[in-house]
1. What is the count of Lys pairs in segment 105-239 whose alpha carbons sit under 17 Å apart, if the two are 8 or more places apart or on different chains?
2. What distance in nm separates the simple spin-label points at Arg166 and Lys319, each placed 7 Å from Cα in the Cβ direction?
3. Please work out the FRET efficiency for the pair Arg12 and Lys179, using the Cβ-Cβ distance as r and a Förster radius of 25 Å; give the result to the nearest 0.05.
4. Over segment 1-157, what is the mean sequence separation of C-alpha contacts under 8 Å (at least six apart), divided by residue count, expressed as relative contact order in percent?
5. At q = 0.10, 0.19, 0.22 Å⁻¹, what is the log10 ratio I(q)/I(0) for segment 38-176, with the Debye formula run over Cα points and no solvent?
6. What are the ³J(HN,Hα) values, in whole Hz, obtained from phi via the Karplus relation 6.51 cos²θ - 1.76 cosθ + 1.60 with θ = phi - 60°, for each residue of segment 50-56 in sequence order, with x given for Gly and Pro?
7. When only alpha-carbon atoms count, how far does the chain stretch along each of its three principal axes, as whole angstroms with the largest first?
8. With a cut-off of at most 14 other beta carbons within 10 Å, and DSSP calling the residue loop, which GluC sites (Glu not before Pro) in segment 317-379 qualify? Please list them.
Amino acid sequence: MNLKADFIQQLRSSYKGLANEPLEDLVSENLISPFTVTLPETVIKKAEKIVSLLFNLREQSSYLKHYDNLIAEKGLKDPGNKSIMMSYDFHLDEHQNLKLIEVNTNAAFLILGYEMYQMKGHPLPVADFTRDEIRHMIETEMSLQGKTASTPFKVAITDETPSQQRLFVEFLAYNELFKSYGWDSRIVDYRDLFKDFSPDFIYNRYTDFFLTEPSSSVLREKFLNGAVCLSPNPFEYLMLADKQRLIDWGVPGFLEAQGLSGADLDLVRTSVPESYDVCESKAAEIWADRKRFFFKPKNAFGSKQSYRGSSISRSAFDKIVGHDMIAQEFVPAPEQTFETPEGPQAFKYDLRCYAYQGRMQLILARLYQGQVTNLRTPYGGFATVLKGS
C-alpha cells in the first residue's frame with residue numbers, strides 16, 4: 001500500500017475540485033501512519049464524557065462570572081457563537097487514565113482525519129459523525145449570533161500566508177466542501193480579509209489567539225462589533241484553551257463552585273494534570289520539583305519554547321519565571337510497538353479528540369518518535385483509532 005498515493009486518491013475522489021491541485025507536493029510523506037491504535041471502549045467513552053463535562057463547565061453562568069474581570073482586561077465580550085474544529089488532546093497514563101495535555105481551538109486535521117478513516121475502511125470511533133456535521137456546525141455558529149447562512153453565504157478560510165502552511169491541503173479540502181454546499185468560499189490571508197471580499201463567516205486558523213497583533217486589528221474590530229462570525233475565536237480560546245484554565249481547574253474548590261460533584265468531579269480532577277503558574281512566589285518550589293514537570297507557554301502552540309523539567313537548565317528556568325509559563329505535571333506519552341519493514345519499532349502517541357460544543361466527533365492518534373509530535377517520523381503521522389474490548 002502506498003499510503004500517500006491512496007490518500008491523495010481519496011481526497012480527489014471526495015473533492016472533485018482538487019483534481020488539478022499539486023497534492024503530491026502538498027501531502028507530506030509521513031502525514032499518514034500505516035498503523036492503528038486500539039483503545040478500550042471505556043477509554044473512548046471517558047473521553048466523550050470529559051469533553052462534555054468541560055464544555056458544560058464553560059457554559060455555567062458562575063464560570064463566566066468568575067472571568068468577568070479577565071474578559072474586560074482582554075477587551076473581549078461573548079460573541080454568542082462557540083468554536084468549530086476544536087480538539088482536546090490527551091495522553092494515557094499507565095493506569096489507562098486520560099490526561100488532558102491541552103485544549104486546542106486551532107486543531108488541524110478533522111476533515112483529513114475523516115477522509116483517512118474512509119480511505120482505510122475503518123469504522124469511526126463516534127459512529128454517527130458525518131462530514132455534513134461540519135455544515136451544521138457552521139450554520140449553528142451563525143444562528144448563535146442571530147444570523148442565517150443564507151444565499152449568497154460568503155465564507156473565508158484564513159491563516160497567515162495560507163498557501164505556505166504545512167497543511168494547506170486541508171484548507172483546499174474545506175474550501176471544496178464549503179463550495180459543495182453552494183457557499184462562496186475562499187482561502188484568504190488574514191491581512192487581506194475584507195479588502196476584496198466581505199465574508200459572513202470566517203473559519204479561523206490564525207494563531208494570534210487574542211488578535212492583539214497590529215496586523216490583526218481589522219479582524220479584531222470586525223469580530224468585536226459582530227460584523228462577522230469568527231470561529232474559532234478569542235473568547236472561546238480564553239474560556240477553554242488558554243493554559244491558565246488548566247491551572248484554574250486544579251484550584252481547590254473551583255470545580256465544586258461551578259456545580260461539579262460526585263463521579264463527574266472525580267473524572268475531571270483525574271483528567272487534568274497538576275498545573276501551576278511559573279511565578280516568582282512558587283519558583284523555588286517548582287525548581288526543586290522540576291523533574292515532575294513539563295514547562296510550556298500559556299498562549300503558544302505546538303512545542304514552541306517548551307522544556308522537559310528533567311533537562312531544563314537553571315539559566316533557562318530563571319528566564320521563564322514570571323513570563324506566562326505553565327508548569328504541568330509531566331505525563332509521558334504512551335508507547336506502542338508496531339512491526340515495520342525494518343523490524344519492530346516503538347512509537348509514542350497522543351490522542352486528539354475533536355469536538356463541537358459538548359459533542360465529541362472524531363478521535364485520531366498522532367504517532368511519533370523523539371520528544372514531540374512532528375509528522376516527520378517514518379511510519380508515524382496521523383493514525384486511526386479503533387475500539388477494542
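Just so you know, all these numbers are worked out from the coordinates, no wet-lab data involved. Just so we're clear, the structure is a prediction, and the values are computed from it rather than from any experiment. Methodologically, a virtual Cβ is constructed for each residue, glycine included, from the backbone with ideal geometry; neighbour enumeration extends over all protein chains shown.
1. Lysine pairs, 8 or more places apart or on different chains, close enough: 5.
2. The two pseudo-label positions are separated by 2.2 nm.
3. Using R0 = 25 Å, I get an efficiency of 0.95.
4. Result for segment 1-157 is 21 percent.
5. Relative scattering, expressed as log10 I(q)/I(0), comes to -0.47, -1.47, -1.53.
6. Per-residue couplings from phi come out as 4, 4, 5, 5, 5, 5, 4 Hz.
7. Cα extents, longest axis first: 57, 57, 43 Å.
8. Of the GluC sites (Glu not before Pro), the ones in loops of segment 317-379 whose Cβ has at most 14 other Cβ atoms within 10 Å are Glu342.
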